[in-house]
1. Of all residues in the stretch 217-259, which are closer than 20 Å to Leu88 by Cβ and out of contact with any Lys or Arg (no Cβ under 7 Å at 6 or more places or on another chain)?
2. What is the residue count in the stretch 216-231 for residues that are surrounded by 15 or more Cβ atoms within 10 Å (Cβ to Cβ) and either without any contact (Cβ under 8 Å) to a residue 24 or more places away in the chain or among the charged types (D, E, K, R) (or both)?
3. Would you check if there is a residue in the stretch 57-74 being farther than 21 Å from Ser216 by Cβ, modelled with pLDDT under 80, touching a Gly at 6+ places or on another chain (Cβ under 9 Å) and surrounded by fewer than 12 Cβ atoms within 10 Å (Cβ to Cβ)?
4. Report yes if Leu88 is closer than 25 Å to Leu11 by Cβ and either touching a residue at least 60 places away in the same chain (Cβ under 8 Å) or outside the structural domain of Val221 (by TED's automatic domain parsing) (or both), otherwise no.
5. All but one of (1) modelled with pLDDT of 85 or more; (2) crowded, with 16+ Cβ neighbours inside 10 Å; (3) under 30 Å from Glu175 (Cα atoms) hold for Arg249, so report the exception by its number.
6. Looking only at residues that are assigned to a loop (DSSP other than H, G, I, E, B) and modelled with pLDDT of 95 or more in the stretch 38-56, which one is farthest from Lys233 (Cα to Cα)?
Amino acid sequence: MKKDLYTITTLSNLHVGSGDINFDIIDNQVQRDAITGLPTIHSSSLKGAFREASGEESNYTSYIFGPSNTDNSNHQTGAFHFFEASLLCRPVRSNEKPYYMASSVGAIKNFLEIIEDFEIDFDETIKSELEKLKKQSVQSGKPLIFEQLNGVVLEDFETETSALDVSALSDLLGENIALFSDEDFKRLELPVLARNYLEDGISKNLWYEEVVPKKSIFYFVIAKPTNLDEQDKKDKLEAFEKRFDNQSRVQFGGNKSIGYGYSKVKKVSK
């Protein structure tokens, strides 16, 4: 199977709910990786969003994703394998600019490991620049920025500066990159929005919902079959490539009616 790497850039706030019952002040929390504790999008949520974006059920969708839930006679699995999306970077507030794109040494390391473990055909120049970024020494409570600006504060963190040139990474990580320690990156709070249900203008239920902010970037892998005849390659594999590889828009998670989850999907492997 061929493995392709994609990024998701959130164009609006994203809420892919964990579904867990909790007694915290936040009623609806986002999905998080069990090991890193960072926001994630589970593979089932990814697959469902892509299936919905593909349109009406057809031989094409059945082949890519498997039979629909209403087709109890067909137990075949989908030919494409979707792997969960991990957080690569997210915006954080700054006193100098509207925002910086925050990542961490661990997040960069995990991204590079995915490229290696899944044998992704990826731009060698960008890989080399990411390796340099991964080797930066970041102190707890002192995130790095890569420009000579003094007095920059990100959220509640005073920054230090690095002379490393990260301009080659702007297409992947965005402008104004900041590198946090893994623990500080994990502790960065997500926005929490108040939601209210009104009935005849009267509040009936107030709850709080955690969201991943717009401009955040996730990455994930899709494994695709290679043993296809020419017709299937054209009708199924190439059809998917054309539909989703050219910076397509897909909505992930819940609350689509109020604009949550609207995202840009981009293929970043070769």
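1. Just the residues of the stretch 217-259 that are closer than 20 Å to Leu88 by Cβ, to begin with: 217-223, 244-245, 247-253.
Matches in the stretch 217-259: Ile217, Phe218, Tyr219, Phe220, Ile222, Phe244, Ser248, Val250, Gln251, Phe252, Gly253.
2. The total comes to 2.
3. The answer is yes, given that some residue of the stretch 57-74 is farther than 21 Å from Ser216 by Cβ, modelled with pLDDT under 80, touching a Gly at 6+ places or on another chain (Cβ under 9 Å) and surrounded by fewer than 12 Cβ atoms within 10 Å (Cβ to Cβ).
4. Values: closer than 25 Å to Leu11 by Cβ: yes; either touching a residue at least 60 places away in the same chain (Cβ under 8 Å) or outside the structural domain of Val221 (by TED's automatic domain parsing) (or both): yes.
Yes, satisfied.
5. Here Arg249 clears every test but (2).
6. From the stretch 38-56, those assigned to a loop (DSSP other than H, G, I, E, B) are 38, 42, 54-56; that's our starting set.
After this cut, where a residue has to be modelled with pLDDT of 95 or more as well, the list is 38, 42.
Numbers: Leu38: 36, His42: 27 Å.
The residue in question is Leu38.
The values are calculated or read from the model by the stated rules, or taken from the named source; none is laboratory data. As the structure is a prediction and not an experimental result, all values here were calculated from the model. A quick note on method: Cβ atoms are made from the backbone with ideal geometry, for glycine too, and the neighbour counts reach across all protein chains shown.
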